[in-house]
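Data first, discussion second: the structure below is written as structure tokens.
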Amino acid sequence: MGRGFPLSAREVALSMAVVASFGFGLVAVYLSMPASDYSFLKLPKTLEDLQILRDDLESYTSDYTIQVLVGYFMVYIFMQTFMIPGTIFMSLLAGALFGVVQGVILVVFAATAGASSCYFLSKLIGKPLVYSLWPDKLSFFQAQVAKRREKLLNYMLFLRVTPTLPNTFINVASPIVDVPYHIFFLATLIGLIPAAYVTVRAGLALGELRSLGDLYDFQSIATLFFIGILTVTPTLISKSQTKNVD
């Protein structure tokens, strides 16, 4: 690339401005909460951390639902925007605090908003980072998108439903390979529902989880791939019909 660091000073400044805007928002939410000891508020890195956070937040969730929802939403978006690992813990927390239906709605909309924020930030400054971090994976993704332009929504749905490519990579790379935002948005909004349901539902029995590996057993993974195959079936049928006509 010819540069020791992949981002220019302008790109770093823009990134810092986005970080600062999230910071101001989180401070505003914090100031709206009652005076108390909030030392427990930290991004969970283990299931034990998550259980402690759940136990401490339960009482606040019933009395300060709006503040907790807004704070949760902003943290989730921030984590996805800047590719911070741990959103799976946030999804589990949504199930533990809000139940399956409300939890799935919250996670899907927060994840879609966070993915969209990452998409637009990457569109502005992401190209050097993507080429630096994932050159081979980007070439593969670019070739697949180019081959599937006519049924791109189906392909993007397949990627969202199945663990074929990491969601973080999809968020960052999509604008680089010219995936239109409306297709990116729809695929994210719809495609994340199955995985969100599995994770949020597991959050109801948080104390029974021994590891994150317990979330996705063979049956869950097989189900996700089955749903993913259904999403690309129209593409396969279209190609078959085209060959028959030729």
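What to note about this one:
- Mean Cα-pair separation over length for the range 129-221, i.e. relative contact order, pairs under 8 Å, 6 or more apart, %: 27
- Among PHE98, PHE24, a tally of other beta-carbon atoms within 10 Å of each Cβ gives an order, fewest to most, of PHE24, PHE98.
- Each residue of the range 92-104 was assigned a 3J(HN,Hα) from its phi angle through the Karplus curve 6.51 cos²θ - 1.76 cosθ + 1.60 (θ = phi - 60°); the sequence is 4, 5, 4, x, 5, 8, 10, x, 5, 5, 5, x, 5 Hz, with glycine and proline shown as x.
- Normalised by the number of residues in the range 9-245, the mean separation of alpha-carbon contacts (under 8 Å, six or more apart) gives a relative contact order of 23 percent.
- Using the Karplus relation 6.51 cos²θ - 1.76 cosθ + 1.60 with θ = phi - 60°, the per-residue 3J(HN,Hα) values for the range 169-183 come to 5, 4, 4, 7, 7, 4, x, 6, 9, 6, 7, x, 5, 5, 6 Hz, with x marking Gly and Pro.
- Efficiency of FRET from Cβ geometry, GLN144 and ILE52, R₀ 45 Å, rounded to 0.05: 0.60
- Neighbour counting of Cβ atoms within 10 Å sorts the residues ARG54, ARG160, fewest neighbours leading, into ARG54, ARG160.
- For the range 111-120, 3J(HN,Hα) per residue [Karplus equation, 6.51 cos²θ - 1.76 cosθ + 1.60, θ = phi - 60°, Hz, x = Gly/Pro]: 5, 5, 5, x, 5, 5, 4, 5, 4, 6
- In plain terms, the residue of TYR155, TYR181 with the fewest other Cβ atoms within 10 Å comes first and the most crowded comes last, giving TYR181, TYR155.
No value in this document is a laboratory result; all are computed from the given coordinates. Values in this document were obtained by computation on a predicted structure and should not be read as measured data. Methodologically, a virtual Cβ is constructed for each residue, glycine included, from the backbone with ideal geometry; neighbour enumeration extends over all protein chains shown.
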